[in-house]
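Everything on this sheet refers to the single structure shown next.
The values are calculated or read from the model by the stated rules, or taken from the named source; none is laboratory data. The model shown is predicted, which means the values in this text are computed figures rather than measured ones. Note: ideal-geometry Cβ built from the backbone for every residue, glycine included; neighbour counts use all protein chains shown.
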Amino acid sequence: MDIDVGGAAALLGGGDGGAGAGGGAGAGDAGAGAAVEQPGGGDGGGASDAGAGGVDPDWYGSLSAETGEGETASHRDYVKAKGFKDLDGLVKAYRFAEKGLHESGRVKVPGEGASAEDVAAFNKAIGVPDTAEGYQVSLPETSGGLELNGEMIGKLADVAHKAALPKAGFEAVANAFVALQVEEHIAEVQRQDQLTQAKIAEWGAQKDAKLADCQAAMRGLGIDRTMIAQLQNAWGSDKALDFLAKIGGGIAEDTLITGGSGRFGITASEAQAEINRMKGDPEMVQKIKPGTPEYERYNRLNDVIEAEAKKRA
């Protein structure tokens, strides 16, 4: 175990870093001043008796006696303090420390000017995939009918790989972002559905006629589902329905779709079906009186049926 005790003198228990003023017999006194007592200190063990009679082994001489910058003891004093009696013990300790570092999972962070090999080793250690395709992003189980934008995800993966982002980190962020988008989409769909139901409830007995007008407007103007979704996002479902119903039913006494009475975007069979619904609704029957919008629509529906009959004649 490494113990930082602040200096060579403290480590060795004497001002001159030797075995103590009394030589071999004083070894115990020298050890008493050390932060950690070396094994066998009572009978001359430890650094102080590394050699016979307290003489340092010859190989100590090959170690620096200078204290390096940021260090508290020279290499020679450090080895003495640790009690290494021979090179075999020193190598054994080094290998043990090296093994501990490897098993700890530590990896060298490449600095400026690091080699490509060092950078690659670091990237592999932290989990950067070999290619951008190694990142996996997917939709949550409840996707609300959405599809993953593979092109955008691919571009983000390229950026992540160039930035050496770990696989787990990028996937956690990307999947969370996708999940949030899906959640927002589902919430918006539910909100638009609520607006639609509220508008239909507002129309009351006229709902079937109004919805038929919406269908007529969509056919006449060539409006598809994508365009409807755009209208909903821009105005809200309720306002989009009002717009389509107004277009489908015509404005005032004329129509926008065909520019004339008798043909305003619905078939004769659809017109007959709406007339039947109007007749089957007692409340609606009371409204079909001259001067009312219901009366005008009833007449236009009959015009559609009559015009179709003339074509077939």
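Miscellaneous remarks
- One residue alone among A132, A93, A120 is outside the structural domain of A176 (by TED's automatic domain parsing) and surrounded by 11 or more Cβ atoms within 10 Å (Cβ to Cβ), and that residue is A93.
- Matching entry among E141, E171, E112 (being at negative phi and modelled with pLDDT of 95 or more): E171
- Inspection of segment 243-256 finds a residue satisfying the criterion of being at pLDDT below 85, of a type in the set (V, I, T) and not in a helix (DSSP H, G or I).
- Taken as a whole, the condition of being within 30 Å of E66 (Cβ to Cβ) and either of a type outside the set (K, R) or touching a residue at least 12 places away in the same chain (Cβ under 8 Å) (or both) does not apply to Y135.
- Pick from segment 170-200, criterion without any contact (Cβ under 8 Å) to a residue 24 or more places away in the chain and farther than 29 Å from T226 by Cβ, ranking: surrounded by the most Cβ atoms within 10 Å (Cβ to Cβ): V173
- Identity of the residue in segment 201-225, in contact (Cβ under 8 Å) with a residue 40 or more places away in the chain and closer than 15 Å to I247 by Cβ, that ends up surrounded by the fewest Cβ atoms within 10 Å (Cβ to Cβ): R219
Listed here are the residues, each with its yes/no results for (1) closer than 25 Å to V109 by Cβ; (2) small (G, A, S); (3) part of a helix (DSSP H, G or I).
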| position | (1), (2), (3) |
| --- | --- |
| S143 | no, yes, no |
| A157 | yes, yes, yes |
| A164 | yes, yes, no |
| G169 | yes, yes, yes |
| A172 | yes, yes, yes |
